[in-house]
Amino acid sequence: MRSAPLTRGQLMLWCNSLAVPEPARAALNLPRVVPVPAGRTLADVREALLATVTRHEALRTTIEVDEAGDPRQVIHPPARPALSEVESTEDTAADRAESVTADLCRVPLRLSEEWPLRAAVVTVAGLPRFLCLAVHHIAADARALDVLVTELTRALAGEIPVGGPPPRQPRDLVAVEASEAERRRADAALAYWAERLRAVPTALFPYRPDRGRPRRVRVRLDSPALAAALPALTDRLRLPASAVLMAATTAVLLRYTDGTRWFWTTVVDNRPARDYDDAVGSFVQLGMVDVEAGDDPPFATLVGRCWRAQLLAVRHGRYDHDAMLAERGLATEERRTLVTLPTIFNFKPTSRRSGARPSRAPGPGSLARTRVEHSPGQGKPDTTLFAVVHGIAGVAAVSFDADGAVLPARDAEELLRAAEDLVWRAARGSDPRVSDVDVPPRAPDWTRTADGRVLDLDGTARLVRALPGVTAAEVAITDTGAVVATVRGTVAARTVSDHLAAHLHRPGVVLPDQIRVEGEPPEPTAPTAPTAPTVLTVPTAPTGPSDPPKPAISALLTALRDRAGLSEPDLGRSYLGQGGLVRRGPAVVDRLADLGYGGVTFADLLSARPLRSLAAELRRDGEDVTRTPVADQP
């Protein structure tokens, strides 16, 4: 077996997988169904699979953590993948293939223990009809899946070997990414991210979650009208469909949230050269698309801005994942509130331009054929909105997978219909502004500041009022822009600061610049002079909770020194904020387990919580602990 470091894209997806609860990891399993030509046998299917995994190392790669705590890709020798057989009838075989594929994807793939490929075959009278696949995203992105399906189709047709010299492999990209030119490019990309993380709104949905609603919802719009309108509009604007649809969704979301600046994280293809076109692997990272709309631009102008922002995102989409998340941690410390990355825009069609060219603009009747489907969502727990363009030819399909506690399903449907209407009107010659979008703005629960922060002042005050000894608390912004907490009770200002720092991983919570504590003396028997308030000017990195057990602190410091390489960990700062490597996080958790401690997860290490707060969560193995989920908001 051979091994190599992870590529940047592999590292991102490995971290994304481990940072969510295990059931949610199934969302990274990508389904595909490949028809089997008539006359082929089960042996032919097995040979086609063998030829494909032989050609593409990514399909037989596991991820292991070495002694230093770094993850590595381990490439296994070629072998026939396991292939389960499911018998069906001729009439039901296609539907059965879809359900079998869904079943394959439903259980998360364990990247340290199994190849990132599961396969089953649906047979009729013992003969194969459909090959069903579940491929982990770490082994294939959208383009790679197209390559995989094409090669399997050829192999099933008898074209074995699948032809051509061996393609590029993910381990080849490791050497490219280590080159001097790529390091300079990564440094420039990191500077781009660092600048924007300190300027973009810290939250895009300024709303207090309604926990009575479903946590994840998915709304999909299938629109012939949208598919018909896109070619007319892309031809006139000379801009791609990806920019048009991003502008439409951006416009309706800005109108809904009453915002003036929106940013997306979007999937960036990082294949370094054309000789990677037939490679199978995940050659993607996230790019940041930052769109200004404070001047209420016409739609055509907004499309152009989205396209230019997409190009910038691609230019700065090749970076070190560890360093980017460290910059996010630093930005959170400096801005004193969590810098969220709550939205993802994924344009899946391999062509960014619409293929069909209608003879005329769509008529009013085409909107009546739109279908909308509601279902449970599957997006990442820390993502408020995952917008996906599934297709643009014939019927355009766009879906919102949202946090239903913040963006209800009925609102998501209204926004999708408004985006469809916006593109349809623009295709017929109109050029509406953002303010013309037919969506009523939703009043924010939180406060926007001049420097781009979005703060839940009431929620922060409620957190303070939950402290023992606090009878009243208020958090407000002064005329100078400072955030001041005024607290009444028998509590130290430092305790208030430490308590809020421990909750800085929650969107909207703010660490005040000043904390004023007005003491509450015992009930007097005679008039007394008022107690002078205690005023604390809070440093950027407070000390965190003051009383975790010393053995827990010692265990955490040992794990950080042994596995994260932090020689002098600062308990008052977050793991990422002081340069803790994301790739080492799982090894830190494993080292804690070796020392007999649990209660802290990889996701906790990636949060904005100071290390002292995490030490307070540590429990000896077998010790019961009740925790507040990281994703909860006040």
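The values are calculated or read from the model by the stated rules, or taken from the named source; none is laboratory data. Being a predicted model, the structure only gives us computed values, none of them experimental. Cβ: placed from backbone, ideal geometry, glycine included. Neighbour counts: every protein chain shown. Note: areas computed on protein heavy atoms with side chains; ligands, DNA, RNA excluded. Shrake-Rupley method; radii C 1.70, N 1.55, O 1.52, S 1.80 Å.
Checking R410 against (1) open to solvent by 50 Å² or more (accessible area, probe 1.4 Å); (2) more than 20 Å from R211 (Cβ to Cβ); (3) outside any strand (DSSP E or B), which single condition isn't satisfied?
R410 satisfies every listed condition except (2).
Looking for whichever is farther than 26 Å from L385 by Cα, among the hydroxyl-bearing types (S, T, Y) and without any contact (Cβ under 8 Å) to a residue 60 or more places away in the chain here; the options are T449, T480. Which one fits?
Criteria check complete, one pass: T480.
Only residues that are basic (K, R) and more than 26 Å from the chain's Cα centre (by Cα): list them for the range 433-455, please.
Across the range 433-455, the qualifying residue is only R433.
Within the range 18-41, how many residues are among the small types (G, A, S), modelled with pLDDT of 90 or more and open to solvent by less than 40 Å² (accessible area, probe 1.4 Å)?
1
Hey, among the residues in the range 463-481 that are small (G, A, S) and open to solvent by 30 Å² or more (accessible area, probe 1.4 Å), which one's farthest from T257 (Cα to Cα)?
Filtering first and then ranking leaves G469.
Any residue at all in the range 491-505 that's modelled with pLDDT of 95 or more and either surrounded by fewer than 15 Cβ atoms within 10 Å (Cβ to Cβ) or of a type in the set (S, T, N, Q) (or both)?
Among the residues of the range 491-505, not one is modelled with pLDDT of 95 or more and either surrounded by fewer than 15 Cβ atoms within 10 Å (Cβ to Cβ) or of a type in the set (S, T, N, Q) (or both), which makes the answer no.
Within the range 8-17, is even one residue part of a helix (DSSP H, G or I), open to solvent by less than 20 Å² (accessible area, probe 1.4 Å), touching a Ser or Thr at 6+ places or on another chain (Cβ under 7 Å) and farther than 18 Å from L605 by Cα?
yes
Just to be sure, is V314 within 30 Å of Q578 (Cα to Cα), surrounded by 23 or more Cβ atoms within 10 Å (Cβ to Cβ) and under 19 Å from the mean Cα position of the chain (by Cα)?
In short, no.
Which of the residues belonging to the range 322-351 are of a type in the set (G, A, S) and either in a helix (DSSP H, G or I) or crowded, with 22+ Cβ neighbours inside 10 Å (or both)?
A323, A326, G329, A331
From the set of residues in the range 212-250 that are of a type in the set (D, E, K, R) and closer than 30 Å to T337 by Cα, which is most open to solvent (accessible area, probe 1.4 Å)?
Top of the filtered list is R215.
Looking for something among the hydrophobic types (A, V, I, L, M, F, W, C), open to solvent by less than 10 Å² (accessible area, probe 1.4 Å), touching a Leu at 6+ places or on another chain (Cβ under 9 Å) and farther than 25 Å from W424 by Cβ - is there at least one such residue anywhere in the range 260-269?
Checked the range 260-269: at least one residue is among the hydrophobic types (A, V, I, L, M, F, W, C), open to solvent by less than 10 Å² (accessible area, probe 1.4 Å), touching a Leu at 6+ places or on another chain (Cβ under 9 Å) and farther than 25 Å from W424 by Cβ.
Report every pair of residues separated by at least 6 positions or lying on different chains whose Cβ atoms are under 8 Å apart, first residue within the range 552-580 and among the basic types (K, R), second part of a helix (DSSP H, G or I).
Cβ pairs passing all conditions: R563/R584; R563/A587; R563/V588; R563/D590; R563/R591; R573/E333; R573/L611.
Any residue at all in the range 158-168 that is at pLDDT 95 or above, surrounded by fewer than 16 Cβ atoms within 10 Å (Cβ to Cβ) and of a type in the set (D, E)?
No, the range 158-168 contains no residue that is at pLDDT 95 or above, surrounded by fewer than 16 Cβ atoms within 10 Å (Cβ to Cβ) and of a type in the set (D, E).
Can you tell me how many residues within the range 28-49 are in contact with a Lys or Arg (Cβ under 7 Å, 6 or more places away or on another chain) and aliphatic (A, V, I, L, M)?
Residues that pass the stated criteria total 2.
Of the conditions (1) out of contact with any Phe, Trp or Tyr (no Cβ under 9 Å at 6 or more places or on another chain); (2) of a type in the set (A, V, I, L, M); (3) assigned to a helix (DSSP H, G or I), A38 fails just one. Which one is it?
Condition not satisfied by A38: (3).
Does any residue of the range 190-211 turn out to be open to solvent by 30 Å² or more (accessible area, probe 1.4 Å), touching a Phe, Trp or Tyr at 6+ places or on another chain (Cβ under 9 Å) and in a helix (DSSP H, G or I)?
Checking the range 190-211: at least one residue is open to solvent by 30 Å² or more (accessible area, probe 1.4 Å), touching a Phe, Trp or Tyr at 6+ places or on another chain (Cβ under 9 Å) and in a helix (DSSP H, G or I).
Of all residues in the range 279-306, which are assigned to a loop (DSSP other than H, G, I, E, B) and surrounded by fewer than 19 Cβ atoms within 10 Å (Cβ to Cβ)?
Scanning the range 279-306 gives G294, D295, D296.
Can you tell me which residues in the range 55-68 are assigned to a helix (DSSP H, G or I) and modelled with pLDDT under 95?
The one that is assigned to a helix (DSSP H, G or I) and modelled with pLDDT under 95: R55.
Condition first: in contact with a His (Cβ under 8 Å, 6 or more places away or on another chain) and more than 22 Å from E518 (Cα to Cα). Can you find one or more residues in the range 454-461 that meet it?
Among the residues of the range 454-461, not one is in contact with a His (Cβ under 8 Å, 6 or more places away or on another chain) and more than 22 Å from E518 (Cα to Cα), which makes the answer no.
Residue by residue, here is whether (1) open to solvent by 10 Å² or more (accessible area, probe 1.4 Å); (2) among the acidic types (D, E); (3) not in a loop (DSSP other than H, G, I, E, B) holds:
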{"residue": "E114", "(1), (2), (3)": "yes, yes, no"}
{"residue": "R118", "(1), (2), (3)": "yes, no, yes"}
{"residue": "T123", "(1), (2), (3)": "no, no, yes"}
{"residue": "F130", "(1), (2), (3)": "yes, no, yes"}
{"residue": "A140", "(1), (2), (3)": "no, no, no"}
{"residue": "R143", "(1), (2), (3)": "yes, no, yes"}
{"residue": "V147", "(1), (2), (3)": "yes, no, yes"}
{"residue": "L152", "(1), (2), (3)": "no, no, yes"}
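Considering every residue within the range 455-462, establish whether at least one is in a loop (DSSP other than H, G, I, E, B) and open to solvent by less than 20 Å² (accessible area, probe 1.4 Å).
Scanning the range 455-462, I find at least one residue that is in a loop (DSSP other than H, G, I, E, B) and open to solvent by less than 20 Å² (accessible area, probe 1.4 Å), so the answer is yes.
If P108 passes every condition in (1) within 20 Å of P23 (Cα to Cα); (2) open to solvent by 50 Å² or more (accessible area, probe 1.4 Å) but one, which one does it miss?
(2)
Yes or no, residue by residue, for (1) in contact with a strand residue (DSSP E or B) (Cβ under 6 Å, 6 or more places away or on another chain); (2) more than 21 Å from L145 (Cβ to Cβ); (3) open to solvent by 20 Å² or more (accessible area, probe 1.4 Å):
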site: L50; (1), (2), (3): no, no, yes
site: T54; (1), (2), (3): no, no, yes
site: A58; (1), (2), (3): no, no, no
site: T61; (1), (2), (3): yes, no, no
site: R72; (1), (2), (3): yes, yes, yes
site: I75; (1), (2), (3): yes, no, no
site: A82; (1), (2), (3): no, no, yes
site: E85; (1), (2), (3): yes, yes, yes
site: S88; (1), (2), (3): yes, yes, no
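Any residue that is more than 30 Å from the chain's Cα centre (by Cα), touching a residue at least 40 places away in the same chain (Cβ under 8 Å) and open to solvent by 30 Å² or more (accessible area, probe 1.4 Å) - is there at least one of those in the range 387-406?
Scanning the range 387-406 turns up no residue that is more than 30 Å from the chain's Cα centre (by Cα), touching a residue at least 40 places away in the same chain (Cβ under 8 Å) and open to solvent by 30 Å² or more (accessible area, probe 1.4 Å).
Under the condition of being open to solvent by 50 Å² or more (accessible area, probe 1.4 Å) and in a helix (DSSP H, G or I), which residue from the range 414-434 is farthest from P342 (Cα to Cα)?
Out of the qualifying residues, it is R425.
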